[in-house]
Amino acid sequence: MHDHVTDNFLFGYKILVCGYWDGNNFIPVDFSLHRERGKGLDTIREKRNLVQRKAKKAEAAYQEHKEKHLGKRKILNSLRKEMTSNPKVVNVLELILLPLVITLFYRTT
């Protein structure tokens, strides 16, 4: 890719095409692909690698947060299931413990 501002080839490749041109049409006959070595290519690779590392780190943080949240949801769902299975305990647990448990779980996130 050619950067017209700095007049450099950024990704390190040039193509040379030989062909016939009549002013409107171009008919390619032969081509040659050349790789360039230089500092510009190295800086682009470094930027690309940095972006890839950041993306992996963000994905890992998201997965960790997701697993933590799903673990809390499992605990809350099991408490809710236990409360509905025993109707005598439901009133006490619903009024006192469940709001307390929910607020404690979600304050830690």
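Give, as a single signed number, the net charge of other residues whose beta carbon lies under 12 Å from the beta carbon of ALA60, with Lys and Arg counted +1 and Asp and Glu -1.
+2
Across the stretch 14-83, Cα-Cα pairs farther apart than 15 Å form 77% of the total.
Here, each number is a calculation from the coordinates, and none is a lab measurement. Bear in mind that the values here come from a model prediction, so they are computed numbers and not experimental data. Every residue, glycine as well, gets a Cβ built from its backbone with ideal geometry; the counts of neighbours run over all protein chains shown.
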